[in-house]
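Colleague: The structure under discussion is supplied below as structure tokens; questions concerning it will follow.
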Amino acid sequence: MAKTQQGQRKRMSARKAAQARARRRERNRILRWVVVGVVVAAVVAAFVVARGGSTSKSATKSQTDVASAVVTGPPGPEGIPLQQGGLLAPASPAATGDPVDGIQCQTNEQVVYHIHTHLAVFVNGVLRPIPPGIGIVQPVATQTANGPLYGASTCYYWLHVHAQDGVIHVESPSVTNYTLGQFFAIWNQPLSSNAVGSASGPTTVFVDGRRYSGDPASITLASHRDIQIDVGTPVVPPQKVNWSGTSL
């Protein structure tokens, strides 16, 4: 009997020892996960703070830069306000009919792909109009009640300007993404982050009212897109065109 009780006590003692070891292992495992969780939480918190700061800054910036002002002025022959002031550069140095950057000059305007983009350039806060006749070889003016509208006596490049309203006509035989750089190439004027036509200096670019930090020559000429380039200071808040009252 004594031996039986002694054996039972040993087995019970061994069982308690095993249970104690199991509890210690479980506590250690939980402790490790707690430590890992704290570390992960700290990393995530740091990331969120960093991202939150940049996101907040980006959101504030985009809200500030979205155009709220509408382009105003006397309406031109296309229904878009005319740009007034000294021209950014004359239209006369424009290409004379030879292909430019893959863009041809043809007798008739092409209408398979026909869209319009608005361009405004400010130099030290002063609007410098885009001249009519860019991309129109030997332009001829037709007088309208709202000013002259220019047509070609020789040919039209697929990118051209009919009036002094900053509207770039994209009239192409196929759907193609053309760029602002190609338009300036037809105009035979420089376009970079520090030179726009005859103006030079640091530039601030807005596309559809939002800041654009890339190469301005890479901006796509999209339908009813508003492009504004400020050379120097002050920077004019971005403006947008009201296309609804036009047939463009």
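The values are calculated or read from the model by the stated rules, or taken from the named source; none is laboratory data. All of these numbers come straight from a predicted model, not from anything done at the bench. Using ideal geometry, Cβ is built from the backbone for each residue, glycine included, and neighbour counts are taken over all protein chains shown.
Colleague: Quick one: which residue in A89, A94 is modelled with pLDDT under 95, closer than 28 Å to Q182 by Cβ and surrounded by 12 or more Cβ atoms within 10 Å (Cβ to Cβ)? Step through it out loud before you land on a result.
Modeller: Numbers: A89 fails: modelled with pLDDT under 95.
When all the criteria are applied, what remains is A94.
Colleague: If you don't mind, another one. Determine which member of the set S223, S247 is modelled with pLDDT under 95, loosely packed, with under 14 Cβ neighbours inside 10 Å and part of a loop (DSSP other than H, G, I, E, B).
Modeller: S247
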